[in-house]
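This report refers to the structure that appears directly beneath it.
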Amino acid sequence: MSQVILASSSPRRRELLSTIIAEFASFSPDIDESTDDIISPYEVSGLLAVRKARTAVAAQIPFDYLIASDTVVISEGEILGKPHDRLHAQEMLMQLRDKTHEVSTSVAVISVESGTTKLVISLVNNLSRVTMRPYSVTEISSFLDRGEADDKAGAYAIQDLEFHPVSECEGCICAVMGLPVQDVVSQLTLADLDRASILTPDRIYDRCKNCLRGDFTIEPSNLDEISG
């Protein structure tokens, strides 16, 4: 059986990947998430996904397929990362309230080219437009009390049924959660993972069949030639 590694400690990404891959291991890459000001906010998730992949490869963890992902929330041209504290989380939720923002999620899949030692990388960039509902300050406070905002870009979770902050999502809901499932299926298929090893996401993620796909870049080259 092929050895699949998810370069992420996110429980949401593990949950999403488990809908299509029955067995995989996780590795938490420690990376520098700073970027140059000249880089467009729409390029940041791709840069960080590749950076996570490079870090995992450098750790010399055995793998046949390695998956690294990053998600950024973009509001009015500004990247909203994970909140530093409760006040920061409240400020971000107030900024997003009753407005439309964008969520950029990128996935880098690394595999070994058949019969060689050359690493092959594919990168997908998935951009979604998310409209928040006009939730109240009281609702924000209740959500923050549960601690659900602490590790999430933009300080919210689209899948949170109690707060349900989103009124509309144009794009891929799973990408907004952190991993565009059908894009990853396409990447793994292109990387020649045995199709029998890929499960059909037939539970609540069946909605993915109607999601918009991301834009692919296939790079059949050594990973050290890829910027990141």
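From the list THR35, THR19, which residue is touching a helix residue (DSSP H, G or I) at 6+ places or on another chain (Cβ under 7 Å), assigned to a loop (DSSP other than H, G, I, E, B) and within 22 Å of ASP194 (Cα to Cα)?
One residue alone meets the criteria, THR19.
Hey, GLY46 hits all of (1) buried (at least 19 other Cβ atoms within 10 Å of the Cβ); (2) of a type outside the set (S, T, N, Q); (3) not in a helix (DSSP H, G or I) but one; which does it fall short on?
GLY46 satisfies every listed condition except (3).
Mind checking which residues of region 95-144 are part of a helix (DSSP H, G or I) and in contact with a strand residue (DSSP E or B) (Cβ under 8 Å, 6 or more places away or on another chain)?
Matches in region 95-144: GLN95, LEU96.
Might you check whether a residue that is surrounded by fewer than 19 Cβ atoms within 10 Å (Cβ to Cβ), without any contact (Cβ under 8 Å) to a residue 60 or more places away in the chain and either assigned to a loop (DSSP other than H, G, I, E, B) or of a type in the set (Val, Ile, Thr) (or both) occurs anywhere in region 171-180?
No, because not a single residue in region 171-180 is surrounded by fewer than 19 Cβ atoms within 10 Å (Cβ to Cβ), without any contact (Cβ under 8 Å) to a residue 60 or more places away in the chain and either assigned to a loop (DSSP other than H, G, I, E, B) or of a type in the set (Val, Ile, Thr) (or both).
With respect to GLU113, determine if the residue is at pLDDT 95 or above and either among the aromatic types (Phe, Trp, Tyr) or farther than 16 Å from SER9 by Cα (or both).
The answer is no for GLU113.
Condition first: within 18 Å of THR55 (Cβ to Cβ) and surrounded by 15 or more Cβ atoms within 10 Å (Cβ to Cβ). Now tell me which residues in region 27-43 satisfy that.
Of everything in region 27-43, those that are within 18 Å of THR55 (Cβ to Cβ) and surrounded by 15 or more Cβ atoms within 10 Å (Cβ to Cβ) turn out to be PHE27, PRO29, ILE31, THR35.
Listed here are the residues, each with its yes/no results for (1) crowded, with 21+ Cβ neighbours inside 10 Å; (2) closer than 22 Å to ALA7 by Cα.
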{"position": "SER106", "(1), (2)": "yes, yes"}
{"position": "VAL112", "(1), (2)": "no, yes"}
{"position": "ASN126", "(1), (2)": "yes, yes"}
{"position": "THR131", "(1), (2)": "no, no"}
{"position": "THR138", "(1), (2)": "no, no"}
{"position": "SER142", "(1), (2)": "no, no"}
{"position": "GLY154", "(1), (2)": "yes, yes"}
{"position": "ASP160", "(1), (2)": "no, no"}
{"position": "VAL166", "(1), (2)": "no, no"}
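Assess whether THR100 counts as being surrounded by fewer than 21 Cβ atoms within 10 Å (Cβ to Cβ) and either in contact (Cβ under 8 Å) with a residue 12 or more places away in the chain or basic (Lys, Arg) (or both).
Criteria met by THR100.
Among the residues of region 57-75, are any touching a Gly at 6+ places or on another chain (Cβ under 9 Å) and closer than 21 Å to VAL137 by Cβ?
yes
For the subset of region 58-83 comprising residues that are more than 19 Å from ARG14 (Cβ to Cβ) and outside any loop (DSSP other than H, G, I, E, B), which member is modelled with the lowest pLDDT?
ALA58
Considering only region 131-171, how many residues are under 23 Å from SER104 (Cβ atoms) and among the basic types (Lys, Arg)?
Residues flagged as under 23 Å from SER104 (Cβ atoms) and among the basic types (Lys, Arg) within region 131-171 amount to 2.
The values are calculated or read from the model by the stated rules, or taken from the named source; none is laboratory data. Only a predicted model underlies this, so the values are computations on that prediction, with no experimental measurement involved. Glycine gets a Cβ as well: all are built from the backbone with ideal geometry, and neighbour counts include every protein chain shown.
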